[in-house]
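Nothing in this text is a laboratory measurement; each read-out follows from the coordinates by a stated rule. Because the structure is a prediction, the values reported are computed rather than measured. As a convention, Cβ positions derive from the backbone with ideal geometry for all residues, glycine included, and neighbour counts pool all protein chains shown.
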Amino acid sequence: MLMPTKHIKTENALVGVGGEVLALLDEDKTVSRLFYDLQEWRRSNELSTVHFDWFLLAVDFLFSVGAVRFEEGVLKKWNQ
């Protein structure tokens, strides 16, 4: 679930979805805009769509490891 296994592909594991989210977070974005961008990116790369709850789990994971922060209604990469 968190990490890919022989039964869970990387693009479906939270680490994989989190990596896609970080790649799309090139500028500050609202949660809904980021989710829309993720769905568009996955559609253009012929990957299955991600449900919103799985997307939020990936964002929570990124927040818990200090990769993103939520400030003034937008998600931002944490640049240290």
Within the under-11-Å Cβ sphere about Arg33, not counting Arg33, Lys/Arg +1 and Asp/Glu -1 give a net charge of -3
Taking Cα atoms, the helix 31-44 axis meets the longest principal axis of the chain at an angle in degrees (rounded to 10) of 40
Scoring the chain by relative contact order with C-alpha pairs under 8 Å, at least six apart, yields a percentage of 30
Summed over the other residues with a beta carbon less than 15 angstrom from that of Phe55, with K and R at +1 and D and E at -1, the charge totals -2
Scalar couplings 3J(HN,Hα) for region 47-63 by Karplus 6.51 cos²θ - 1.76 cosθ + 1.60 (θ = phi - 60°), nearest whole Hz, x for Gly and Pro, are 9, 5, 6, 10, 6, 4, 5, 6, 4, 5, 4, 5, 5, 4, 4, 4, 5
Dimensionless Rg/Rh of the chain, both radii on Cα and Rh by Kirkwood, sits at 0.95
Highest mean packing first, using Cβ neighbours within 10 angstrom, the peptides 14-25, 31-42, 61-72 sort as 14-25, 31-42, 61-72
Between the Cα axis of helix 14-24 and the main Cα principal axis of the chain, the angle (0 to 90°, nearest 10) is 50
